[in-house]
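Just below is one structure, and these are the notes that go with it.
The values are calculated or read from the model by the stated rules, or taken from the named source; none is laboratory data. Note that this is a predicted model, so its numbers are computed, not measured. Counting neighbours? That spans all protein chains shown, and the Cβs are built from the backbone with ideal geometry, glycine included. The protein model used for the area step is the full one, side chains on, heavy atoms only, and it has no ligands, DNA or RNA in it. Shrake-Rupley method; radii C 1.70, N 1.55, O 1.52, S 1.80 Å.
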Amino acid sequence: MIEEDKLLIGKTVEKINKTITEDIRIMEICGTHTHQIARFGIKKILSPKIRLVSGPGCPVCVTEAGYIDALIKLLNYENVVVASFGDLLRVSGSCGNLEEQITLGKKVVTVYSPEDVLNLAQRRKGENIVFAAVGFETTAPLYAALIKMARKQKINNLFLLTSLKRMEPVIRFILEKGSVNFDAMLCPGHVAAITGTAPFLPITTVYNMPAVICGFEAMDIIASISILCRQLTGEVPVQLMNTYKRCVCDAGNTLALHLINEVFQISDANWRGIGIIIDSAFTINSDFEEYDALKKFNIEIQSSPNVFLNQCDCGKVLIGEKTPDMCVNFGRKCSPEHPIGPCMVSSEGACAAYYRYGGNKV
Amino acid sequence: MNQRIMLRHGDGGLLTNNLIRDIFYKYFDNEILTGYQDSAIFQMKAGRLAFTTDSFVVKPIFFPGGDIGKLAVCGTVNDLTSAGAVPLYLSAGFVIEEGFEIEKLDLIASSMSSICKKAGVKIVAGDTKVVEKGSADGIYINTSGIGKVHKFFNPRKITSGDEIILTGTVGEHGTAILLKRYELGLKGDFTSDCNPLSEIVSVLGDGIKHVKLMRDPTRGGVANALCEISDSYNIGAIIEEEKLQIRPAVKSVHELLGTDPLYFACEGRMILVVEKGFGTKILNCINMLDDCQNSQIIGKFDDLYSKVCVRTWLGGERILAILENQMISRIC
Ligand code: SF4
């Protein structure tokens, strides 16, 4: 199988490299794509004329400082345990991060899945578990299911502090910016598996930009890039294509969408380094407000625009204006060991993937 | 016998003696240890010696494929092996938390004893301390070891073309521990690779003169070990992804968690850097050992590269950067 893949990929790459004679830039929106492109070493086999740039699809990287501040604030309440995925621990708020709170003796627990959180709430009945529910449409249904499960099992010590983002508004936001800095889009297969293809249609129909919904295997990525190149050179018309049909159907996952609609409502969100984007968040709706940490503890998430200390270029990296190596801190002051910005924290982050896997330069 | 460790087990009195006799002497029985001296006294033949020490704190104490005792013996034995030494004698120091079940201690000592037999070493000195409940997490073990370095083993500068051998599959110990520690509930065969590798030195015999360096890829896994070697000799390397053997179950866990098995600890593997042109010869010797049957030449040091790079199966390349932090769970 792999031998056949290799041959096929080799041929496709050869063809791509031959057809592309002018510089083009393709944005992969999704953090997992960034990660996979780096892991397979795809940039190295493509012609240097093809630049792949990362978009705002790493959930950790777009989590604003005010959200981390709120989690830290909650840790000061008696009996509060914060449950979080590991990669959120080192994202800084306006003063410090969750990892430092652990060293101060605060109760922060790393979890690996929403189920872990449910078990935690069952095990530690005398404490209030606040789950840092960060993610996109991909994780939102899991969180919705978690909340429903908690209700069913009459668990009343579990609360979610959500920072759940929607993909469609950020894509529109980037495309409507004065200077769009790329020529085609590789769209996130995981998100599309939930939402269906509709949210991605405007990329081609409204903005006339080539776009492909893409899976995460090397073959998916190369085939999608090949289609994007053919659309760019005019060989085929610009239209939304789906190379991830094995997981993505036009209507999406109706069960998951139903869960999302049942538990969440649409609100505005502050994206780290980007700012407020209208209608770009899911927040817990009034039917399930007893699970909303904001309501339970009566706190607010303060927007803190001033997060780009030390000249961190995350904001520009996230919208494809800069590649990580164009940031003055990259690899010098900023590394996965001492991350300055969130793009270096999460293994999905553009800077971390670039650092770890070498970007274009090996 | 009492069922649990009490503080009095550590006060040097009758209970301490009983514990030592009923558990440690039972399993670590040898004339040097039981000679009732404060120090082990033994004869050494002339030559170079290697001496090493390490402390073991592992959670969980029992994991698929081993336990803290097996780990403590393998860790020290493999450190000696990587110095080109045949391990001879070990010491074992135990720090035990009050309330620890004696039955568990018995199991740990018994597995230490069988690994010592397998590795051909003797535990000739030891110490036991009991600390109050809450002052330790179950049990900690320190092992030190002494071994005789092979007369032809001479670690030396790594140069372009030197070949890299890895003696088996990747990241199984770290993965087994991760799954057990976080009770991730994934099904599949996740067993630690924890094993003593002392036979490597003897099976290589005089051929060891072609080995420039050995390193056991424990914490930080194969990736960190290679990066450290590359850093200290200021030379890059190219590793062939297709030569790295990762068990499918391990691979899928890491795909799920978004982690990289190359950064996960091995406790029964060795990296050998072999003089250019001698890779296959050394590989053929090592392959004869039970615990090294999956050995492969995984790549070479190469001054065309400034860092450790992996050539991916589709012909791309990526850098293996040093990872100072623990691998973390990823959202999505
Ligand atoms: S290298 Fe660091 S400081 Fe620069 S953009 Fe990336 S995360 Fe921000």
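With charges only on Cβ, +1 for K and R and -1 for D and E, what is the dipole size of segment B:101-191 about its Cα centre, in debye, rounded to 20?
So the magnitude is around 480 debye.
Between A:Val328 and B:Thr280, with labels modelled 7 Å along Cα→Cβ, what's the label distance in nm to one decimal, could you check?
In this crude spin-label approximation the distance works out to 5.5 nm.
With r defined as the distance between the Cβ atoms of B:Lys243 and A:Glu235 and R0 fixed at 60 Å, what FRET efficiency is calculated, to the nearest 0.05? Mind showing how you got there, number by number?
Working: r = 38 Å, r/R0 = 0.64.
Given R0 = 60 Å and the Cβ-Cβ separation, E is 0.95.
Can you list residues from other chains, or at least 5 along the same chain, whose modelled amide H is less than 5 Å from the amide H of A:Val111?
A:Ser84, A:Phe85, A:Gly86
If one computes the Cα centroid of segment A:1-24 and of segment A:222-277, what distance in Å separates the two points?
24
What shape does chain B take by its C-alpha gyration tensor, where a ≥ b ≥ c are the square roots of the eigenvalues and a/c under 1.5 counts as rounded, a/b above b/c as prolate, and the rest as oblate?
Oblate, since a/c reaches 1.5 and b/c is not below a/b.
Can you give the accessible area of B:Asp193 in Å² (nearest 10), computed on protein heavy atoms with a 1.4 Å probe?
Solvent-accessible area, nearest 10 Å²: 10 Å².
Grab the beta carbon distance between B:Lys209 and A:Arg246, set R0 = 41 Å, and tell me the FRET efficiency rounded to 0.05.
It comes out at approximately 0.15.
For the protein assembly as shown, what % of the accessible area comes from carbon and sulfur atoms, probe 1.4 Å? Don't skip to the end; give the middle numbers.
On the way: 14870 of 29210 Å².
With neighbouring chains kept in place, the figure for the protein assembly as shown is 51 percent.
Taking R0 as 30 Å, what's the FRET efficiency between B:Ser202 and B:Asp22 from their Cβ-Cβ distance, rounded to 0.05?
Once rounded, the FRET efficiency stands at 0.30.
Taking the Cα centre of each part, how many Å lie between segment B:30-90 and segment A:85-123?
Segment B:30-90 and segment A:85-123 have Cα centres spaced 37 Å from each other.
Once amide H atoms are placed 1.01 Å from N in the peptide plane, what residues at a sequence separation of 5 or more from B:Lys129, or on another chain, have their amide H within under 5 Å of its amide H?
B:Phe94, B:Val95, B:Ile96
Can you list the aspartates and glutamates whose alpha carbon is less than 16 Å from that of A:Lys106, not counting same-chain residues fewer than 8 positions off?
Correct list for A:Lys106: A:Asp69, A:Glu78, A:Glu127.
Scan chain B and hand back the longest stretch that contains none of the GluC sites (Glu not before Pro) lying in DSSP loops with at most 13 other Cβ atoms within 10 Å.
In chain B, the maximal stretch lacking such sites is B:184-323.
With a/c under 1.5 counting as rounded, go ahead and sort segment A:1-101 into rounded, prolate or oblate using the C-alpha gyration tensor (a ≥ b ≥ c being the square roots of the eigenvalues; past the cut-off, prolate if a/b is larger than b/c, else oblate).
prolate
Name the lysines eligible as straight-distance cross-link partners of B:Lys157: C-alpha to C-alpha under 25 Å, and not fewer than 8 places from it in the same chain.
B:Lys148, B:Lys209, B:Lys212, B:Lys243, B:Lys276, B:Lys281, B:Lys300, B:Lys307
Restricting to DSSP loop positions (anything but H, G, I, E, B) with no more than 13 other Cβ atoms inside 10 Å of their own Cβ, which trypsin sites (Lys or Arg not before Pro) remain in segment B:161-200?
Passing sites in segment B:161-200 are B:Lys187.
Mind checking the full-extension length gain between B:Asp29 and B:Asp106? Use 0.36 nm per residue of separation minus the Cα-Cα distance, one decimal, nm.
Going from the current span to full extension adds 26.3 nm.
Just to be sure I understand the model, the point goes 7 Å from the Cα along the line to the Cβ. What's the resulting A:Asn181 to A:Asp268 distance in nm?
2.5
Return the lysines within reach of B:Lys180: Cα separation strictly under 21 angstrom, same-chain partners fewer than 8 residues apart disregarded; answer none if there are no such residues.
Those lysines meeting the cut-off are B:Lys59, B:Lys70, B:Lys104, B:Lys251.
In deg cm²/dmol and to the nearest 500, what is the mean residue ellipticity at 222 nm of the protein assembly as shown if only DSSP H runs of at least 4 residues count, each as -39500 (n - 2.57), divided by the residue total?
After summing the helix terms and dividing by the residues of the protein assembly as shown, the value is -9000 deg cm²/dmol.
By the gyration tensor of its Cα atoms, with a ≥ b ≥ c the square roots of the eigenvalues, what is the shape of the protein assembly as shown: rounded for a/c under 1.5, prolate for a/b over b/c, or oblate?
It is oblate, given that a/c is not under 1.5 and a/b is not larger than b/c.
Assign unit charges at the C-beta atoms only (+1 for Lys and Arg, -1 for Asp and Glu), then state the dipole size of chain B relative to its Cα centre in Debye, rounded to the nearest 20. Display every interim value, and only then the final one.
Numbers: 36 positive and 40 negative charges, 110 e Å.
My answer is approximately 540 debye.
Projected onto the charge dipole of the protein assembly as shown (+1 at Lys/Arg Cβ, -1 at Asp/Glu Cβ, origin at the Cα centre), which of A:Ile222, A:Pro342, B:Ser232 gives the Cα projection farthest towards the positive end?
B:Ser232
For B:Ala237, list long-range residues whose amide hydrogen, built 1.01 Å from N in the peptide plane, is under 5 Å from its own amide hydrogen.
Close amide H contacts, sequence-distant or interchain: B:Asp302, B:Lys307, B:Val308, B:Cys309.
Residue separation times 0.36 nm, minus the C-alpha to C-alpha distance between A:Glu337 and A:Lys295: what's the value?
Once the chain is fully extended between A:Glu337 and A:Lys295, it gains 11.6 nm.
With each pseudo-label sitting 7 Å past Cα toward Cβ, what's the A:Thr103-A:Lys49 distance in nm, one decimal?
Spacing of the two 7 Å Cα→Cβ label points: 5.1 nm.
Could you derive backbone 3J(HN,Hα) for segment A:46-53 from the dihedral phi with the Karplus parameters 6.51, -1.76 and 1.60 (θ = phi - 60°), listing whole Hz in sequence and x where the residue is Gly or Pro?
Couplings: 7, 4, x, 6, 9, 9, 9, 10 Hz.
Compute the label zone of B:Met44 within segment B:64-95: residues whose backbone N is under 15 Å from the point 7 Å along Cα-to-Cβ.
Residues passing the 15 Å test: B:80-81, B:83-91.
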